[in-house]
1. Would you confirm whether or not segment 151-162 contains a residue that is assigned to a helix (DSSP H, G or I), modelled with pLDDT of 95 or more and of a type in the set (V, I, T)?
2. Could you figure out which of (1) surrounded by fewer than 18 Cβ atoms within 10 Å (Cβ to Cβ); (2) more than 21 Å from Q374 (Cβ to Cβ) isn't true of A68?
3. So which residues in segment 3-20 are farther than 12 Å from I247 by Cα and either at pLDDT 80 or above or surrounded by 14 or more Cβ atoms within 10 Å (Cβ to Cβ) (or both), if there are any at all?
4. Please verify whether segment 179-191 includes one or more residues that are part of a strand (DSSP E or B), in contact (Cβ under 8 Å) with a residue 40 or more places away in the chain and farther than 18 Å from S109 by Cα.
5. Within the group L127, L101, L117, L44, which residue is within 25 Å of A167 (Cβ to Cβ) and assigned to a loop (DSSP other than H, G, I, E, B)?
6. Sort out which residues of segment 162-195 are surrounded by fewer than 17 Cβ atoms within 10 Å (Cβ to Cβ) and either in contact with a Cys (Cβ under 8 Å, 6 or more places away or on another chain) or farther than 20 Å from C345 by Cβ (or both), and write them in order of number.
7. Test of understanding: among A118, A51, which residue is aliphatic (A, V, I, L, M) and surrounded by fewer than 20 Cβ atoms within 10 Å (Cβ to Cβ)?
Amino acid sequence: MMNTATIEQAITQRLQQVAEWGSVGDRVPRRLIYMIEITGFCSLGCPVCYASAGPTPNLHMPLGRILALGRKIRDDGGRLVQLIGGEPAEHPNVVEIVSGLRRIGLRPSMATNGLRLAEESSFAAGLRRGGLRKVNIQFDTFNADTSIAMRGRNLINLKCKAVANAAAAGIRVGLIATMCDRNVHEASGILQYALSHMPELNTVTFQTMTLSGRFPADIFPVDRPTILRHLLKTTSEIGLDLSPQDILPPPQYPPWRALTHPECASMIFLCRDGSTLPVWPLGRDVNLEQFYAMLQTVDTTGHGMRNSVLRPALALWRSTRQGARLATLQRMIALATGRGKRSLCVIQIDAVMDSANPDPERARRCPACFVTEQGFKNVCARYWDSPEEGNPAP
């Protein structure tokens with residue numbers, strides 16, 4: 001096992017290397033993920049909350065207004081919309097919102113603390129009937145004291161039950177872990193939990209805590225390299241052999257116009273066959289540097305099936321070693337459907353820009369935006385507008 005200093009140096013070198021894969025020239029990025037804040041209400045009132053949400057009444061957005069924003073997304077060429085809050089599951093019309101957005105041609109998902117999914121056995125099934133295919137559940141820790149410090153209560157059992165109920169209803173699950181000095185050492189444990197629930201659970205996002213909204217004076221953020229260091233240093237303890245070479249930038253593919261800045265996110269793709277270990281990085285089967293290079297050579301910006309699906313699938317096929325091609329294709333299908341014996345889990349490590357160090361190029365290339373009647377707003381810029389209520393940056 002590499003020591004801490006060696007790991008840090010290797011991660012730094014790898015991040016510099018893959019940043020060179022992210023050159024996009026004057027290509028115009030496209031908004032890919034649209035977020036609608038359907039409520040400012042949340043019964044938890046977490047000590048760590050970028051939105052400063054709490055149990056304030058009458059903060060639910062009316063259904064008609066939400067659907068009007070959905071049509072704005074559709075007219076902008078978007079399809080993926082994530083319902084956020086507050087706590088979107090506590091909106092009284094959340095199932096109708098999901099079904100209404102589906103009817104106008106959108107694909108809604110929901111970011112949630114998971115409490116209603118855990119406490120109401122029929123809620124997940126209702127969301128699934130309404131057309132929800134993905135939930136991203138806030139999942140920060142397996143330590144009771146850390147849960148209390150970050151979320152105000154010990155929510156560990158409820159979070160696990162929320163995952164189980166959503167998966168049982170046929171909804172694909174992702175975890176979102178807000179990382180700080182209290183829980184960064186738990187990164188590999190959270191990852192191990194996720195891997196044990198593949199393929200229904202197929203994404204894990206480790207996001208840096210942002211100094212906006214509400215946060216206690218004794219909890220401090222950590223950066224993306226620190227999260228990566230903890231993952232690489234400890235995953236051997238869970239039977240996973242990760243190296244800095246498994247760290248990748250988000251794919252840059254002109255027809256998708258997915259041009260995320262490499263300093264905003266890092267990705268790791270993990271494979272598994274069947275329901276038991278081992279788990280291994282996708283790079284053992286696929287020449288990912290070749291795959292990324294092939295994606296970038298496509299000049300067209302069309303959005304038909306040929307450009308959006310067939311060309312990247314062909315690039316993946318050609319970059320995969322013989323003997324693993326069919327299995328890799330099956331894993332991609334499992335990622336999209338949440339079903340299959342061969343599965344793929346996408347690990348993403350996000351770094352939110354803080355207001356003290358804005359980078360216009362990173363903001364320009366952000367694929368995610370908030371949607372309001374006034375238009376579309378970059379996610380990080382939305383954080384900057386949220387007044388700080390906690391400790392200053394260390």
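The values are calculated or read from the model by the stated rules, or taken from the named source; none is laboratory data. Model, not experiment: these values are computed from the prediction. FYI the Cβ positions are ideal-geometry reconstructions off the backbone, even for glycines, and counts take in every protein chain you see.
1. Within segment 151-162, one or more residues are assigned to a helix (DSSP H, G or I), modelled with pLDDT of 95 or more and of a type in the set (V, I, T).
2. Failing condition for A68: (2).
3. Going residue by residue through segment 3-20, those that are farther than 12 Å from I247 by Cα are 3-9, 20.
Listed by number, the residues that qualify are T6, I7, E8, Q9.
4. yes
5. Numbers: L127 fails: assigned to a loop (DSSP other than H, G, I, E, B); L101 fails: assigned to a loop (DSSP other than H, G, I, E, B); L117 fails: assigned to a loop (DSSP other than H, G, I, E, B).
Answer to the check: L44.
6. Within segment 162-195, D181, H185 qualify.
7. Details: A118 fails: surrounded by fewer than 20 Cβ atoms within 10 Å (Cβ to Cβ).
Just one listed residue meets the conditions, A51.
Quick grid of which residues meet (1) among the aliphatic types (A, V, I, L, M); (2) over 12 Å from E37 (Cα atoms):
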residue: G77; (1), (2): no, yes
residue: Q82; (1), (2): no, no
residue: G86; (1), (2): no, no
residue: A89; (1), (2): yes, no
residue: R102; (1), (2): no, yes
residue: S122; (1), (2): no, yes
residue: L127; (1), (2): yes, yes
